[in-house]
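A quick write-up on the structure given underneath.
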Amino acid sequence: MRILIVAAMDENRLIGNDGRLPWPFLPNDHAHVQRLVKGRKTIMGRKSYDTPDRIWSDAGNIVMTSQLNYRVDPGFEVVHSMEEAFDRYKDEDEVVVLGGAQIYAETIPRASVLYLTLIHGTYEGDAYFPDFLGFELTAQEDHPADDRHAVAYSFQTWERG
Ligand SMILES: NC(=O)c1ccc[n+]([C@@H]2O[C@H](COP(=O)([O-])OP(=O)(O)OC[C@H]3O[C@@H](n4cnc5c(N)ncnc54)[C@H](OP(=O)(O)O)[C@@H]3O)[C@@H](O)[C@H]2O)c1
């Protein structure tokens with residue numbers, strides 16, 4: 001099973017602020033993430049599930065929580081450990097990890113590819129993407145700010161070297 005991590009971060013690797021994304025909504029990034037999750041099952045932390053910015057896949061989604069009676073919407077299932085998540089998905093070729101900070105830190109040692117949206121700015125916040133030493137930038141697509149996007153951003157692909 002290949003683990004693909006999908007995340008957006010600012011120039012300081014910031015990914016979240018008080019449970020929300022730190023930057024204004026970027027429709028192209030949203031569409032980019034939707035393309036990456038299409039047809040693939042996902043893993044997310046309970047805090048990322050429980051946010052208005054929640055991203056999910058029609059193929060199925062795991063929510064990680066230590067809470068034994070945590071209830072989730074249709075299309076989501078709860079697990080209580082990373083081992084349990086990987087076991088549920090053991091027959092999948094590729095699985096997408098959707099965050100947040102805690103889940104990225106727990107899965108990056110096993111990740112093959114990082115699909116990162118680099119937001120070209122610095123914001124206030126409290127959740128950060130982990131170091132990703134050992135990955136090489138293999139593709140980058142730059143987008144300037146425009147009428148619908150308040151800040152420039154780049155879609156990057158990082159692969160384990
Ligand atoms: N920019 C992006 O691409 C992006 C993507 C996703 C999220 N975010 C942001 O990231 C922030 C949330 O990140 P976060 O680190 O605070 O939370 P998180 O990683 O989304 O969720 C953490 C929660 O997941 C559960 N969990 C984690 N590891 C577990 C394990 N091994 N076993 C069982 N449960 C486990 C725990 O839930 P319980 O507390 O219920 O036990 C824990 O509190 C938000 O600001 C969000 O907007 C940004």
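The values are calculated or read from the model by the stated rules, or taken from the named source; none is laboratory data. Note that the coordinates shown come from a computational prediction; the quantities given were computed from them, not determined experimentally. Cβ sites come from the backbone with ideal geometry, for glycine too, and all protein chains shown count toward neighbours. Each accessible area value is taken on the protein alone, full model and side chains, heavy atoms only, with ligands, DNA and RNA left out. Shrake-Rupley method; radii C 1.70, N 1.55, O 1.52, S 1.80 Å.
A few notes on this one:
Table: residues versus (1) within 10 Å of the ligand (Cβ to nearest atom); (2) closer than 25 Å to Met64 by Cα; (3) surrounded by 14 or more Cβ atoms within 10 Å (Cβ to Cβ).
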site	(1), (2), (3)
Val113	no, yes, yes
Glu124	no, no, no
Phe129	yes, yes, yes
Glu141	no, no, no
His149	no, no, yes
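- If the condition is being open to solvent by less than 60 Å² (accessible area, probe 1.4 Å), more than 10 Å from the ligand (Cβ to nearest atom) and either assigned to a loop (DSSP other than H, G, I, E, B) or modelled with pLDDT under 95 (or both), then segment 42-70 contributes Ser57, Ala59, Gly60.
- Flag if Gly39 is open to solvent by 50 Å² or more (accessible area, probe 1.4 Å) and either without any contact (Cβ under 8 Å) to a residue 12 or more places away in the chain or more than 13 Å from the ligand (Cβ to nearest atom) (or both): yes
- Pairs, first in contact (Cβ under 8 Å) with a residue 24 or more places away in the chain in segment 66-88, second part of a helix (DSSP H, G or I) and surrounded by 15 or more Cβ atoms within 10 Å (Cβ to Cβ), C-beta under 6 Å, six or more apart: Met82/Glu106
- Per-region count, segment 17-33, residues among the charged types (D, E, K, R) and either touching a strand residue (DSSP E or B) at 6+ places or on another chain (Cβ under 7 Å) or surrounded by 14 or more Cβ atoms within 10 Å (Cβ to Cβ) (or both): 1
- Scanning segment 71-91 for residues that are surrounded by 15 or more Cβ atoms within 10 Å (Cβ to Cβ) and more than 18 Å from the chain's Cα centre (by Cα) yields a count of 2.
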